[in-house]
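Structure, as structure tokens:
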Amino acid sequence: MNDYPRESYSDLTAEELVERLINAGLDIPQGLPDEILARGIGAVDLLGRVMLDETLWKDESSPRGWAPIHAMHLLGGLKASEALPYFEKFLVPDRNTDYITETMPAILAAHGPAALESLKRIAANRNAEVYNRSAGVRAMCLIAYRHPERKPEAVEFLRYLFGQTLEEGDDEFLEVISDDIAGLKDSRAMEDIRRAVKEGLPCESFFS
């Protein structure tokens, strides 16, 4: 964020604010993100469309290429359930970037328990890239930790997902999500993992 004097954005529309964000690159003016967040639900569709814009994702030669990443984080900051369908669409294609694998679980989990149904669909979507699906799993685990009253629901689904994936023989996905599921410290889930290890799943490190 630059050190220029803080500008007033109160007279700008949400569309104009997001357009400034698109062109800002890494030199984001002070106050611009806060003003976009202040627009609440009115900014969700605009940010969602930016996050899904393949042209912007591929524009690595100009500052505009950062816009989808900014939009992704601002949508997490809004914590609006209206943003969840955009994340479901976003995580279906074969996107595999550090920005997604490292930050997406926290962004999704910021939506709280209201995100659980969307996260189930993301985690169960076999058309999505493995690490995109695992972002849904990790976000569910984060929500279960922060909202203990929803932990049983998360555990029940993740045990089901683990069992289904084990039957399908998708060892790569199982390896990726086993650590997160083990972190829930549910005795039944841990037994599922132990059983999978005995059947050949290479995740013995959990029990060393």
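Assorted remarks:
- Taken over segment 99-119, the criterion of being open to solvent by 40 Å² or more (accessible area, probe 1.4 Å) and more than 12 Å from the chain's Cα centre (by Cα) is satisfied by 114, 117.
- Unmet requirement for residue 137, which otherwise passes all of (1) open to solvent by 70 Å² or more (accessible area, probe 1.4 Å); (2) in contact with an Asp or Glu (Cβ under 6 Å, 6 or more places away or on another chain): (1)
- Filter result (of a type in the set (Gly, Ala, Ser) and modelled with pLDDT under 90) within segment 170-208: 196, 200, 205, 208
- Checking each residue of segment 50-61 against the condition of being of a type in the set (Ser, Thr, Tyr) and not in a helix (DSSP H, G or I) gives at least one match.
- Only one of 125, 132 that is closer than 15 Å to residue 88 by Cα and surrounded by fewer than 16 Cβ atoms within 10 Å (Cβ to Cβ): 125
- Matching residues in segment 24-58 - criterion: being over 18 Å from residue 99 (Cα atoms), open to solvent by 80 Å² or more (accessible area, probe 1.4 Å) and touching a residue at least 12 places away in the same chain (Cβ under 8 Å): 41
- Qualifying residues in segment 80-97 (those that are open to solvent by 50 Å² or more (accessible area, probe 1.4 Å) and acidic (Asp, Glu)) - the one modelled with the lowest pLDDT: 94
- One residue from 60, 15 being more than 24 Å from residue 124 (Cα to Cα) and modelled with pLDDT of 95 or more: 15
- Only residues that are open to solvent by less than 10 Å² (accessible area, probe 1.4 Å) and more than 12 Å from the chain's Cα centre (by Cα) were counted in segment 59-79, giving 3.
- Residue 117 vs. criteria out of contact with any strand residue (DSSP E or B) (no Cβ under 8 Å at 6 or more places or on another chain), under 12 Å from residue 139 (Cα atoms) and modelled with pLDDT of 95 or more: yes
- Of everything in segment 157-203 that is open to solvent by less than 10 Å² (accessible area, probe 1.4 Å) and outside any helix (DSSP H, G or I), the residue that is farthest from residue 142 (Cα to Cα) is 201.
The values are calculated or read from the model by the stated rules, or taken from the named source; none is laboratory data. On a predicted model such as this, the values are computed, not experimentally measured, just so you know. Every residue, glycine as well, gets a Cβ built from its backbone with ideal geometry; the counts of neighbours run over all protein chains shown. Accessible surface areas use protein heavy atoms only, side chains included; no ligands, DNA or RNA. Shrake-Rupley method; radii C 1.70, N 1.55, O 1.52, S 1.80 Å.
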